[in-house]
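Comments concern the structure below.
Nothing in this text is a laboratory measurement; each read-out follows from the coordinates by a stated rule. Note that the structure is predicted; figures quoted are calculated from it, not measured. Positions of Cβ are backbone-derived with ideal geometry, glycine not excepted, and every protein chain shown enters the neighbour counts.
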Protein chains: 2
Amino acid sequence: MCQLLGMNCNTPTDIVFSFEGFRRRAGITDCHSDGFGIAFFEGKGVRVFRDDKPCSSSPIADCVKQYHIKSLNVIAHIRKATQGNVNLENTHPFMREIWGENWVFAHNGNLTTLPDLSDCRAQPIGTTDSEAAFCYMTEFLKRRYLRKPSEDEIFDAVYEVSQELSKLGTFNFILSNGQFMIAHCSTFLHYLTRKAPFGKAFRVDDDGFIDFNDYAKPGDKVTIISTQPLTKNEHWTKMAHGGFVMFKDGEKVREIVGVEQEIKDDGTLGNMKIA
Amino acid sequence: MCQLLGMNCNTPTDIVFSFEGFRRRAGITDCHSDGFGIAFFEGKGVRVFRDDKPCSSSPIADCVKQYHIKSLNVIAHIRKATQGNVNLENTHPFMREIWGENWVFAHNGNLTTLPDLSDCRAQPIGTTDSEAAFCYMTEFLKRRYLRKPSEDEIFDAVYEVSQELSKLGTFNFILSNGQFMIAHCSTFLHYLTRKAPFGKAFRVDDDGFIDFNDYAKPGDKVTIISTQPLTKNEHWTKMAHGGFVMFKDGEKVREIVGVEQEIKDDGTLGNMKIA
């Protein structure tokens, strides 16, 4: 399994406070040490940093910290390999062009059956189940719409293909085209939205803390999505199994609520808590 | 216009000696200051560094120098914008997945007519003629072959689509899938292959020099491709108009020789010197 981190905002925001806690889970506070990647949208362009070294000690991750890049949409991933060797082509997030936009995708979970890509143009470069799923999604979207449809149509189409792929295994993911961010939960995914009045936040993974009043302007809205909460004093919303959310300009704009379900110790699904 | 730099080798090689001369052309010894990008293949994966700042002074370019990444295939580009604003999505090299491989493309020139992409799935993300041409090439290759054909078939297909795109304007480019490197010349492109016996090289753009005997092993073969020669004491082969070359493991493996043609002061083509 792996861990996911996403950020969607209405003003370019520095993710370093969250990322510095998150990266400790790659070898210090947890064991997701098989490479990492982080993608920052900048206009329609994307800056990607990735390494097959553990994120907690990678010089490339130090470089990310150093530059304090501000972005409206960021997706990061620390890997604990289930399928595919530890190498650069197997590090998330994956990126493909869809409808003249960069689409960025990161996955946490394990698909026990791979989707059928035999007649697909989109093909995985590495050997992960995650990239195979993203290729299937890319092909699905491009076949349904030759040119970019409305955001509501995108929401519905991504939900439909996510339902299909969820049948193949555990499928938590974060996806962005630089304008919106979609999150889908099979087992573990949490989010929170920071807006005025701002307060302090204390990190889970070390003693780091921040007072957002020192940085934020009154109208700022910043949503953070993470496999497990990154701060200990804020209210994180836990997504349920099958939950599917779209964020834009830092706020939730559409949602399909999931169902509460037992998660077994190995991270797989048990019985539904609400039928 | 812009300038191109490519490297294809039979052993992972550090491009810093060449890159440090090349990047001075982005603001110091020449005026290609509208952003830069450099892509390093690492297995099937690619590490890309890009910035909309001049390469000569970009902190991202300093980062490239610092890490001394070794690679078999590298493509770099310094931009002097002709079409498209100066921003991240318009910086070369461009990258697309073709047949389950990363394909990386950088262009120097100006297409006065854009290729027709109206029924293409591959669409440009930015607004350059270069990315439009690469999308057209991607679509051409994927339509002709659903799965990866032989290298000879790839050579022939890329040549055919390059001939078509060359009719639209000046079309110097370097292209790689991480296994081979293809170079096409409309106006300016030079290359050399370094192999034993190795000697010294003195850079054109500053006082930098290197003795390759201090770094290379007897069997090493390294080809460097550049818009203009990067060293003053080595023999660079000047490609002619329409010249098309494939390099693999540091050596030329296939070639279509171009024709000598006058280049006017504005970089466009004049009369053929050899009919």
Estimated dipole of segment A:1-254 in Debye, rounded to 20 [Cβ of Lys and Arg +1, of Asp and Glu -1, Cα centre]: 320 debye
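Take the Cβ-Cβ distance between residue B:179 and residue A:209 as r, set R0 to 41 Å, and report the resulting FRET efficiency rounded to the nearest 0.05.
In this case the efficiency is close to 0.25.
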Past the 29 Å Cα-Cα mark, which pairs from B:70/B:232; A:80/B:221; B:65/B:248; A:65/B:53; A:44/B:44? A:80/B:221
Which FRET efficiency, nearest 0.05, do residue B:153 and residue B:251 yield, Cβ-Cβ r, R0 25 Å? 0.80
Backbone HN-Hα couplings from phi across segment A:198-206 [Karplus 6.51/-1.76/1.60, Hz, Gly and Pro as x]: 7, x, 9, 9, 10, 6, 6, 8, 6
Could you work out, for segment A:139-275, what percent of all Cα-Cα pairs fall into each 10 Å distance bin, beginning at 0 Å and stopping at the bin that holds the largest distance? 11, 35, 32, 18, 4
Once amide H atoms are placed 1.01 Å from N in the peptide plane, what residues at a sequence separation of 5 or more from residue B:239, or on another chain, have their amide H within under 5 Å of its amide H? B:189, B:190, B:191
Let me check against my output: what whole-number percent is the relative contact order of segment B:1-254, with C-alpha pairs under 8 Å and at least 6 apart? 23 percent
Need one word for segment B:23-109: rounded, prolate or oblate. Basis is the Cα gyration tensor (sqrt eigenvalues a ≥ b ≥ c); a/c below 1.5 gives rounded, then a/b vs b/c decides. oblate
Exposure-ranked with fewest Cβ neighbours within 10 Å first, A:174, B:256, B:98, A:69 stand as B:256, A:69, B:98, A:174
Where in chain A lies the longest segment free of trypsin sites (Lys or Arg not before Pro) that are both loop residues by DSSP (not H, G, I, E, B) and have at most 15 other Cβ atoms within 10 Å? A:1-146
Quickly estimate the mean residue ellipticity at 222 nm for the protein assembly as shown, helices only: each DSSP H run with n ≥ 4 gives -39500 (n - 2.57), and the total goes over all residues, rounded to 500. -5500 deg cm²/dmol
For segment B:1-254, the charge dipole (Cβ of Lys, Arg +1; Cβ of Asp, Glu -1; about the Cα centre) points to a positive end, and the Cα of B:38, B:103, B:202 closest to that extreme belongs to B:202
Have a look at B:72, B:189, B:114 and tell me which one the Gaussian network model of chain B (Cα, springs below 10 Å) gives the largest fluctuation. B:114
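For segment A:1-254, which semi-axes, largest first and in whole Å, follow from the square roots of 5 times the eigenvalues of its Cα gyration tensor? Write down the numbers at each step before the final one.
Details: eigenvalues 147, 88, 54 Å².
Equivalent ellipsoid semi-axes, largest first: 27, 21, 16 Å.
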Most mobile listed residue (B:129, B:156, B:220) in chain B, GNM with C-alpha springs under 10 Å: B:156
Can you pull out the chymotrypsin sites (Phe, Trp or Tyr not before Pro) in segment B:121-167 whose DSSP state is coil and whose Cβ has at most 15 other Cβ atoms within 10 Å? B:145
Calculated on alpha-carbon atoms, Rg and Dmax of segment A:107-199 in Å: 14.8, 52
Would you kindly derive the ³J(HN,Hα) couplings of segment A:77-86 from the backbone phi angles with the Karplus curve 6.51 cos²θ - 1.76 cosθ + 1.60 (θ = phi - 60°), listing them in order in whole Hz, with x for Gly and Pro? 8, 10, 9, 10, 4, 10, 10, x, 5, 7
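Give, in whole angstrom and from largest to smallest, the semi-axes √(5λ) of the equivalent ellipsoid of the protein assembly as shown, with λ running over the eigenvalues of the Cα gyration tensor.
42, 25, 22
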Scalar couplings 3J(HN,Hα) for segment A:129-136 by Karplus 6.51 cos²θ - 1.76 cosθ + 1.60 (θ = phi - 60°), nearest whole Hz, x for Gly and Pro, are 4, 5, 5, 4, 5, 5, 4, 4
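Give the calculated FRET efficiency between residue A:202 and residue A:164 to the nearest 0.05, with a Förster radius of 45 Å applied to their Cβ-Cβ distance.
0.65
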7 Å along Cα→Cβ for the label point: how many nanometres lie between residue B:218 and each equivalent label in the other copies, listed shortest first? 7.7
